[in-house]
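Trainee: My questions will all concern the structure given below.
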Amino acid sequence: MNNADIRKLIVKILFALLSGWLLFLVGLAGVYTRQLTHPACPPDALEHPGYTLVQVSVSPKLALPGWWRAPQNGAVILLLGGSGSNAASILPTADLLAQEGYGILTLASRNCAGQPVTLGYREAEDVQAMLTFARSQPGVDWVGALGFSAGGAAVLRAAAREPGLQAVIAEGQYSNLRHEVINDPARPLSLQWQFHRAVLFTL
């Protein structure tokens with residue numbers, strides 16, 4: 001075997017090792033990303049005093065369960081929890097608002113209907129569907145929204161499209177998803193650094 005053949009063999013080995021490492025890294029990130037976008041749906045409450053369990057139609061193929069409470073002051077607050085939350089996850093906040101006469105509409109995360117969650121991206125459509133539902137109810141003159149984490153990102157995105165949302169409170173949401181995924185103190189090219197960028201790619 002001459003020097004040229006040896007160099008070719010080394011290049012092939014290095015290419016195979018690099019390809020194998022990239023496949024392993026992307027596969028591992030893919031497993032993590034699937035867990036992130038397909039969380040288990042926690043059990044929901046069967047009843048809650050003063051609230052009615054409803055179905056909010058987001059599209060012809062997607063309806064999500066939620067809790068509805070009619071307003072006493074003409075104002076309704078749409079409430080969205082974090083990624084993977086159920087319709088009851090934000091009811092403690094709802095109860096505080098209801099004490100002041102606000103109407104309430106909560107909504108379960110998409111995973112509770114067998115759909116992947118998108119950390120606020122498609123969930124903005126859920127907020128728009130909630131707004132449509134709330135405005136169709138009697139005695140509703142004003143609608144605001146409150147979201148936590150991915151729910152906060154969703155209400156911000158929905159508010160950019162829907163002037164009918166007259167107030168927005170967003171808590172704990174990210175400002176930029178790319179920055180959220182790769183913003184870490186890891187050394188460049190370290191395992192953590194590579195893994196976060198593989199997660200960004202698969203997400």
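Rundown of residues vs (1) open to solvent by 50 Å² or more (accessible area, probe 1.4 Å); (2) part of a helix (DSSP H, G or I); (3) modelled with pLDDT of 90 or more, yes/no style:
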{"position": "Leu96", "(1), (2), (3)": "yes, yes, yes"}
{"position": "Ile104", "(1), (2), (3)": "no, no, yes"}
{"position": "Met130", "(1), (2), (3)": "no, yes, yes"}
{"position": "Ala154", "(1), (2), (3)": "no, yes, yes"}
{"position": "Arg157", "(1), (2), (3)": "yes, yes, yes"}
{"position": "Ala170", "(1), (2), (3)": "no, no, yes"}
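Trainee: Same structure again: Restricting to the stretch 132-152, name every residue that is open to solvent by 10 Å² or more (accessible area, probe 1.4 Å) and not aliphatic (A, V, I, L, M).
Mentor: Scanning the stretch 132-152 gives Thr132, Phe133, Arg135, Ser136, Gln137, Pro138, Gly139, Asp141, Trp142, Phe148, Ser149.
Trainee: Please give the number of the condition Gly164 fails out of (1) in a helix (DSSP H, G or I); (2) at pLDDT below 95; (3) touching a strand residue (DSSP E or B) at 6+ places or on another chain (Cβ under 8 Å).
Mentor: (1)
Trainee: I want to confirm something. Restricting to the stretch 20-35 and keeping residues that are buried (at least 17 other Cβ atoms within 10 Å of the Cβ) and within 21 Å of the chain's Cα centre (by Cα), which single residue is nearest to Gln99 (Cα to Cα)?
Mentor: Top of the filtered list is Thr33.
Trainee: So, in the stretch 44-94, of the ones that are among the polar types (S, T, N, Q) and modelled with pLDDT of 90 or more, which residue ends up most open to solvent (accessible area, probe 1.4 Å)?
Mentor: It comes out as Gln72.
The values are calculated or read from the model by the stated rules, or taken from the named source; none is laboratory data. Not measured: the values here are computed from a predicted model. Cβ coordinates were reconstructed from backbone atoms using ideal geometry, including for glycine residues, and neighbour counts include every protein chain displayed. Accessible surface areas use protein heavy atoms only, side chains included; no ligands, DNA or RNA. Shrake-Rupley method; radii C 1.70, N 1.55, O 1.52, S 1.80 Å.
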